[in-house]
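Worksheet for the structure shown next.
The values are calculated or read from the model by the stated rules, or taken from the named source; none is laboratory data. Note that the structure is predicted; figures quoted are calculated from it, not measured. Counting neighbours? That spans all protein chains shown, and the Cβs are built from the backbone with ideal geometry, glycine included. For accessibility, only protein heavy atoms count, side chains too; no ligands or nucleic acids. Shrake-Rupley method; radii C 1.70, N 1.55, O 1.52, S 1.80 Å.
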Amino acid sequence: MTFDWAEYLTLAEALYANRKTFSNEEACTRSAISRAYYAAYLVASQKAKTDGIVLTNREQHKAVRRHFANGTDQDRQSIGSWLDRLQDNRLQADYTDEITGNIDSMTQVSLQGAKKVIETIKRLT
């Protein structure tokens, strides 16, 4: 059975909703940002493959973002923009010792953005 990558968004929402009671609050919040990105990216990656894009391991994330950013319609371009923003947030969450700005706001934007990407891709299919 094929895994539904959108389930990562469900996990991200649960991590964020329970951030004060489950594990370390910042670890939950950072993980929520990361999982939100991967939910959106992996759903987008599947769509890019059905669109005929051949993805290799090298620079695969960039290729998926570029595929949508260079799309011919507003929905695809919006997906590309959201993927860029979500990846920027994920890189901060996964690799920086100190988050600049409001981490709660960043998390909410990431969750909302991932949801928009997934919903938009479902409409395209």
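Here are a few things to note about the model shown:
- Toward the positive end of the charge dipole of the chain, with +1 on the Cβ of Lys and Arg and -1 on the Cβ of Asp and Glu, the farthest Cα among Asn24, Ala63, Gln108 is that of Ala63.
- For the range 1-117, the share of accessible area belonging to carbon and sulfur comes to 47 percent (1.4 Å probe, ligands and nucleic acids excluded).
- Angle between the chain longest axis and helix 103-124 axis [Cα atoms, degrees, rounded to 10]: 30 degrees
- Crossing angle, helix 25-50 versus the chain [Cα axis fit, 0-90 degrees, rounded to tens]: 10 degrees
- Summary value for the chain: 32 percent relative contact order, contacts being C-alpha pairs under 8 angstrom separated by 6+ residues.
- In Å², nearest 10: area of Asp88 left accessible to a 1.4 Å probe: 90 Å²
- Accessible surface area normalised per residue over the chain is 59 Å², counting heavy atoms of protein chains with a 1.4 Å rolling probe.
- Electrostatic dipole magnitude of the chain [Cβ: Lys, Arg +1; Asp, Glu -1; Cα centre; debye, to 20]: 400 debye
- If R0 equals 30 Å, the separation of the Cβ atoms of Asp94 and Thr72 corresponds to a calculated FRET efficiency of about 0.40.
- Rounded to 10°, Cα long-axis angle of helix 7-17 versus longest principal axis of the chain: 20 degrees
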